[in-house]
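All remarks here apply to the structure that follows.
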Amino acid sequence: MPKTVVIAGDVMWDHNLVLHPTAPRRFAEGLPHTTMKRWRGGAWYLQELVQMACADLNPAVTGMPKTDKALQSFTIWSLHPEVEKSRKQVWRIRQLLGCQMPEEGPEIQLPPNTPADPDLVVLDDLGLGFRNAEDRWPAAIREGGAPRSIILKTGTPLAQGSLWNHLIAHHADRLTVVLSVGALRARRAMIPQALSWDRSIEAMVQEFENGPSAFDLARCRRVVVHFDAEGAACFTRLPLHHRPHEPGKPARALLPQARLERFLYHPEHLEGAWEAKHPGLIFGNASILSAALARHELDPDTYPLFIAVGRALAAIMVSHECGFGPKDKFGPETANKRLRDVLHPAVDKSEPADAYFSTIDHCLLDGVATSGRADSRSKPNAATPSAYRSDLLQDLTGPSLEYIAAKAVEVVRRGPAAALQAAPKAVYGKFFTVDRQEIERINAVRNLIVAYQNNAEDRRPLSLAVFGPPGSGKSFAIKQLVAELFGDDKGSYEFNLSQMEQPRGLHLALQQVRDAAIRGRIPLVFWDEFDTGELRWLKDFLAPMQDTQFTADGVIYPLGKAIFVFAGGTCPCFEVFDRTRAGGVVEEAFRAVKGPDFVSRLRGFVNIKGPNPISADCQTAGGRAEFRPEDDPAFLIRRAIILRSTLDRFYPQLIDPDTKEAAISGSVLRAFLTTKEFLHGARSLESVVHMSNLNGARFFGVAELPPPDLLNLHVTKDFQEIVARAQLEAPIFEAHAEACHQAWFKMKAAEGWCFGSSRNDRAKLHPWLVPYDQLPEAVKEMNRGTARLTLAKLADLGYVIRRLRPADAAAVTPYTFSADEKKMLVCLEHDIWLRDKMLRGYAWAPETCEPLRLHRDIAAFQDVPAADQELDWVITETIPVVLHKHGFILERKTGEPPQ
């Protein structure tokens, strides 16, 4: 029997005024200069999308009848570049003109035979009358109705009107609400825009725990909030990681309040970033999402939540990209065809949801990886308003410095694009970072610059500051950001204040800035080393920053719009520079040079960290009494990115053109990543590479490093000590990866599994039951992933590796772990696998279905079926065997060999 769906809500006719690029020369000139097209909108449009999303189920859909007595909306469309700077054009919205209420006539109601007990009711509440017109509501949601589930697509004002009051009173346990994050912000939700995904996730959790949404939206069965096409937050009252309830036992009740279920995010784009590069507007984002969720509600086993939301977000991108068709054909046909392909991709096509990643459920992780732990998530009893602390980078890397170091090794070997695929990142030109603090600061500055550019009334210079240790690339980051935003349109000026002796030098510089503004440009001006000379220059900038003028030789000169970037030369971070509340003589001296007045005129700042951990001075200024590398674990990734970038640019012969693998020794790589300090920041890191004997070299080994006395110019002495330690090289990782596959192969074969072109658990068929060298590269990489974490897993057990002397190799046998050590290792192994799967959107299901991101092992290790636990056990047994085969032995960190 087909599923039944009822769709109701505000309906409208969309009148689309199409402006062609050539204007008519006279009033009576014929078309096609300007045309009017009419299409169905509101609940009518939503019905079309629901039927498209649910086409494979062929449900019986009942919707609002078609009539001219409906709302009339008006929109102006014009041609826009398909993507920024592209010559290809598509139709997108230029201006929204609003809605006109219908003339008096009969109310639009559902047919009288509409079922009262459908599988799904979908309501489109645009705030245009339906929410308060009870006689237009479906019988299914009124008294006596019995819908299995309800989806409410809604907007501002949220949680108001008769419809909301009725649904929350009578149907909250079956209600899914779909809305945009803009609707939450409209009622003053404290959700920042486009800073970082971590910040957005924390703010959303805070909103649903303690904000206005905790008292209305959090009472619903599920709430899905989209961040344009780039992300979506899912909150639910469903018990997470649920299992089918046992016969005779009551089903688990819904939670009293919705909690974060998952947050999907695009690692390359923050909210609005993708659409900003595709000029023009388009409608239907929430409708597309609602349609995909309708398909999920009708049969969640064949259309899981991650697939539904991920495909919906990808479809929103497609809808915006296509607009209303190419230049020569205005209409939705092109977009609709591609929407169908995204919502139901062909078997031989890639999964549209692959572009998105998900938060992970830390409750499922055993959490035994505690050595050198860098996890800073707040505990439930923390004094902070919200117990949730998001760290998406650490979700990818793992919980401790050893795991982050392993990921950093992968970054250098495979490149950031492959190794950091799931990490949220900020990329502006050649500036690249995955460090959360850097992402948030650079994006905050971006938002300031964009707002300043668009506000013609703001004539004061936009004053920003950038700080960082020497060689951290302070000016580079801002220059790349501005180039990304404005291209070649902005004139750039750079003045080093440490080289100016008299105020006249500053006046001449400001005169150049003034001349550029007179020519109609917004100049970008770098004031380098502004904090030198005992801050003597601060007072000279107060008038230009605040009053948009400067005085030279008794004459006042007005300035125009400009972007001032003050680059610190002596202070490693803003917290060290700002001594407004330092107290004592330090604060008095800062006030004497007008430091607080200068700070009050700044509108933003960026701290660029560079390759070293946050300095002790910055830690102290930030309120930390003691510095630990664990307080800034991302420094390992920053170093890896700089090192790989240097090899790519200057020594491309070290990079395999096919695999993109870097040919570098594990010992050399480990020294670059873990040495205590590069004495002159990124300059020192690059200098060590350039000082090495790499011209024409095909491998970067220990022999290629410069001699110790030259190394000491740029690194601390522990660099050479680290080089001398035993490290695992790429061939050993490959051997371990192959050993893991062989162990899995033997286990599966013993259970009666055979090769099959697709996985079938019931028939015991699997496509990976082939020799290692015949595996797809992606599957090999999965095995390499766990092999690369060997040192991290051993560190959690308290072991390091030591190279065996040839004379001792024959007398030493592979080490055998104790029962407790084995148990810890298998839990670690499962956590590594589970972390990766959850990042990719997998959810638990009684039967595994890889294409739908469903797996029966998405659970804490103790809840994994015994047959599947065995795989983790056999993998752990390969570690000492592979190490021994390649001449290594395990040793306690204290230096004593294991007993």
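Per the conditions (1) modelled with pLDDT of 90 or more; (2) open to solvent by 20 Å² or more (accessible area, probe 1.4 Å); (3) among the β-branched types (Val, Ile, Thr), the sole criterion not satisfied by Ile889 is (1). Can you confirm whether Tyr388 is assigned to a helix (DSSP H, G or I), modelled with pLDDT under 95 and within 21 Å of the chain's Cα centre (by Cα)? Spelling it out, it is not the case that Tyr388 is assigned to a helix (DSSP H, G or I), modelled with pLDDT under 95 and within 21 Å of the chain's Cα centre (by Cα).
For region 405-457, a residue qualifies if it is open to solvent by 10 Å² or more (accessible area, probe 1.4 Å) and of a type in the set (Ser, Thr, Tyr), and exactly one does: Tyr428.
Please work out if Ser400 is polar (S, T, N, Q), out of contact with any strand residue (DSSP E or B) (no Cβ under 7 Å at 6 or more places or on another chain), within 19 Å of Pro613 (Cβ to Cβ) and crowded, with 17+ Cβ neighbours inside 10 Å. Spell out the reasoning first.
Numbers: polar (S, T, N, Q): yes; out of contact with any strand residue (DSSP E or B) (no Cβ under 7 Å at 6 or more places or on another chain): no; within 19 Å of Pro613 (Cβ to Cβ): yes; crowded, with 17+ Cβ neighbours inside 10 Å: yes.
So Ser400 does not fit the description; no.
Determine whether region 503-521 contains at least one residue that is under 32 Å from the mean Cα position of the chain (by Cα), acidic (Asp, Glu) and open to solvent by 30 Å² or more (accessible area, probe 1.4 Å). Checking region 503-521: not a single residue is under 32 Å from the mean Cα position of the chain (by Cα), acidic (Asp, Glu) and open to solvent by 30 Å² or more (accessible area, probe 1.4 Å).
Can you find a residue that is of a type in the set (A, V, I, L, M, F, W, C), free of Cβ contacts under 8 Å to residues at least 12 places away in the same chain, open to solvent by less than 70 Å² (accessible area, probe 1.4 Å) and out of contact with any His (no Cβ under 6 Å at 6 or more places or on another chain) anywhere in region 755-767? Talk me through it step by step, then tell me what you get.
The initial filter retains those residues of region 755-767 that are of a type in the set (A, V, I, L, M, F, W, C), namely 755, 763, 765.
From the residues that got through so far, the ones that are free of Cβ contacts under 8 Å to residues at least 12 places away in the same chain too are 763.
From what's left, open to solvent by less than 70 Å² (accessible area, probe 1.4 Å): 763.
Adding the requirement that they be out of contact with any His (no Cβ under 6 Å at 6 or more places or on another chain) leaves 763.
Within region 755-767 (the criterion being of a type in the set (A, V, I, L, M, F, W, C), free of Cβ contacts under 8 Å to residues at least 12 places away in the same chain, open to solvent by less than 70 Å² (accessible area, probe 1.4 Å) and out of contact with any His (no Cβ under 6 Å at 6 or more places or on another chain)), the answer is yes, since at least one residue qualifies.
Counting only strands (runs of 3 or more DSSP E) that fall entirely inside region 402-485 and contain at least 3 residues that are more than 23 Å from the chain's Cα centre (by Cα), the qualifying elements are 462-467. If you go through region 839-853 one residue at a time, do you hit one that is assigned to a helix (DSSP H, G or I) and farther than 29 Å from Ala232 by Cα? Checking region 839-853: not a single residue is assigned to a helix (DSSP H, G or I) and farther than 29 Å from Ala232 by Cα.
Pick from Phe263, Phe306: which is touching a strand residue (DSSP E or B) at 6+ places or on another chain (Cβ under 7 Å), part of a helix (DSSP H, G or I) and of a type in the set (Phe, Trp, Tyr)?
On the way: Phe263 fails: part of a helix (DSSP H, G or I).
From the options Phe263, Phe306, the qualifying one is Phe306.
Does Ala778 satisfy being under 31 Å from the mean Cα position of the chain (by Cα) and of a type in the set (A, V, I, L, M, F, W, C)?
Working: under 31 Å from the mean Cα position of the chain (by Cα): yes; of a type in the set (A, V, I, L, M, F, W, C): yes.
Yes: the conditions hold for Ala778.
Each row is one residue, and each column tells you yes or no for (1) among the aliphatic types (A, V, I, L, M); (2) open to solvent by less than 40 Å² (accessible area, probe 1.4 Å).
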site: Glu821; (1), (2): no, yes
site: Glu829; (1), (2): no, yes
site: Trp844; (1), (2): no, no
site: Leu852; (1), (2): yes, yes
site: Pro865; (1), (2): no, no
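Applying the set (1) surrounded by 16 or more Cβ atoms within 10 Å (Cβ to Cβ); (2) modelled with pLDDT of 95 or more; (3) within 18 Å of Ala53 (Cα to Cα) to Ala355 leaves exactly one unmet item: (3). Within region 845-889, being in contact with a Lys or Arg (Cβ under 7 Å, 6 or more places away or on another chain), closer than 18 Å to Ile360 by Cβ and among the aliphatic types (A, V, I, L, M) holds for Ala845, Ile858. Counting only residues that are at pLDDT 95 or above and open to solvent by 50 Å² or more (accessible area, probe 1.4 Å), region 59-69 holds 0 of them. Only residues that are open to solvent by less than 90 Å² (accessible area, probe 1.4 Å) and either modelled with pLDDT of 70 or more or under 17 Å from Val90 (Cβ atoms) (or both) were counted across region 18-33, and they come to 5.
Within region 688-717, take every residue that is among the charged types (D, E, K, R) and more than 17 Å from Leu643 (Cβ to Cβ) and give me the one that is least open to solvent (accessible area, probe 1.4 Å).
Start the filter on region 688-717 by keeping residues that are among the charged types (D, E, K, R), which leaves 698, 704, 709, 717.
From the residues that got through so far, the ones that are more than 17 Å from Leu643 (Cβ to Cβ) too are 698, 709, 717.
Working: Arg698: 171, Asp709: 106, Lys717: 148 Å².
My answer is Asp709.
Picking from residues in region 649-661 that are in a helix (DSSP H, G or I) and open to solvent by less than 70 Å² (accessible area, probe 1.4 Å), the one that is nearest to Thr674 (Cα to Cα) is Leu654. Would you check if there is a residue in region 41-57 being without any contact (Cβ under 8 Å) to a residue 60 or more places away in the chain and assigned to a loop (DSSP other than H, G, I, E, B)? Scanning region 41-57 turns up no residue that is without any contact (Cβ under 8 Å) to a residue 60 or more places away in the chain and assigned to a loop (DSSP other than H, G, I, E, B).
Screening the candidates Glu103, Glu84 for the property of being open to solvent by less than 100 Å² (accessible area, probe 1.4 Å) and in a loop (DSSP other than H, G, I, E, B) yields one hit, Glu84. Listed by first and then second residue, the pairs linking a residue in region 673-689 that is outside any helix (DSSP H, G or I) to a residue that is polar (S, T, N, Q) and open to solvent by less than 70 Å² (accessible area, probe 1.4 Å), with Cβ atoms under 7 Å apart and 6 or more places separating them unless they lie on different chains, are Thr675/Thr716; Lys676/Thr716; Glu677/Asn612; Glu677/Thr716; Phe678/Asn612; Phe678/Ser684; Gly681/Ser472; Gly681/Asn612. Restricting region 34-57 to residues that are at pLDDT below 95 and open to solvent by 60 Å² or more (accessible area, probe 1.4 Å) leaves a set whose member that is farthest from His15 (Cα to Cα) is Arg40.
Going by what's in this entry, would Gln720 be described as in contact with a Pro (Cβ under 9 Å, 6 or more places away or on another chain) and open to solvent by 30 Å² or more (accessible area, probe 1.4 Å)? Here the answer is yes, as Gln720 does meet what is asked.
The set of residues from region 58-73 being free of Cβ contacts under 8 Å to residues at least 60 places away in the same chain, part of a strand (DSSP E or B) and out of contact with any Pro (no Cβ under 6 Å at 6 or more places or on another chain) comprises Val61, Thr62.
The values are calculated or read from the model by the stated rules, or taken from the named source; none is laboratory data. All figures in this text were calculated on a predicted structure; none of them were measured in a lab. Virtual Cβ from ideal backbone geometry, glycine too; neighbours counted across all protein chains shown. The protein model used for the area step is the full one, side chains on, heavy atoms only, and it has no ligands, DNA or RNA in it. Shrake-Rupley method; radii C 1.70, N 1.55, O 1.52, S 1.80 Å.
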